[in-house]
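First the structure, which I've put down as structure tokens, then a few questions once you've had a look.
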Amino acid sequence: MLAELAGSGAIPQLGDGHARIGASTPGFRLSSPGWTHFATRDLELITSGDRLYDLVREKLNGKLPTFAVRLKAFVDCYLADAERRARARFEGQDDPLITADDWIYSAFLPLPNARIQLPPKSFPTPSFVELSVLFWTGEIAIGVQLEPASSVIGSKKRNLEWLQENWPGFTLVELPRDRFSQAGDEFPVELFPDALTNFWTDVEMPQGPSLSGILESSLTG
């Protein structure tokens, strides 16, 4: 996923492999349009709320490299924790129209294998910061390194240091090498800002995943 830092007033954009982040860009959530690219055949598979959520997870896992074991374990663990937290917070509330499962899609979207393009005016040649995962909440960016930043060498380390110094809204979370080496690890909630884990706090009404790609396309042969 290529992420571009845009100036204030930039048009919010989230695509299959590209995101533009500016001061006015809303947070990227599982419900955000632009990244799922559901096809008509996907709609035929959605027979229940559980199946819809499974399909969203499949779409996200499909964006991960085949042999990225730790990255997949991290993403799976994050989604499982978000699902658990949403159900713990909203289960049993007396609302006939909104269920706890509706809130799951408000969880922030993990952008895997993120490459943040640094401003060209500050760098003579195209320069990037590489992260295992990037989250954008609308106010802060949270970068995740599954390898310690100390292991990053040369220009990549200098680029990361520049980003940390020049983007006040950026937070870096480094995870030890023994975390997410296999499935089954618990999500390290204590390492992440509350804005990520309590993702529902600024949401008035939960929305499901965007099906606009399907609804705007022709359903005839």
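Quick note: the coordinates plus some simple rules give every number you see, no bench work behind them. Bear in mind that the values here come from a model prediction, so they are computed numbers and not experimental data. Note that each Cβ is placed from the backbone with ideal geometry, even for glycine, and that neighbours are counted across all protein chains shown.
Determine the sum of side-chain charges near GLU130: Lys and Arg each +1, Asp and Glu each -1, restricted to other residues whose C-beta is under 11 angstrom from that of GLU130. Walk me through the numbers before you get to the answer.
Numbers: positive: ARG115, LYS156, LYS157; negative: GLU147.
Net local charge, GLU130 excluded: +2.
Right, here's the next one. Would you mind computing, in nm to one decimal, how far apart the modelled labels at GLU91 and TRP162 are, each placed 7 Å from Cα along Cα→Cβ?
The answer from the label model is 4.8 nm.
Could you work out how far apart the two model spin labels at ASN61 and GLU174 are, taking each label as a point 7 Å from the Cα in the direction of the beta carbon, and quote it in nm?
Rounded to a tenth, the inter-label distance reads 3.1 nm.
Go through 81-89, 24-32 and give me the packing order, highest mean Cβ count within 10 Å leading.
Numbers: 81-89: 16.3, 24-32: 19.6.
Order by mean packing, descending: 24-32, 81-89.
Now a separate question. With a 10 Å Cβ neighbour count serving as the proxy for reagent exposure, in which order, fewest first, do ILE21, ILE98, ILE104 appear? Intermediate values should be presented prior to the final figure.
Numbers: ILE21 23, ILE98 12, ILE104 27.
In order of increasing Cβ crowding within 10 Å: ILE98, ILE21, ILE104.
Moving on. Cut-off under 30 Å on the C-alpha distance; same-chain residues fewer than 8 positions from LYS157 excluded. Which lysines are left, in chain and number order?
Result set, ordered by chain and number: LYS63, LYS72, LYS121.
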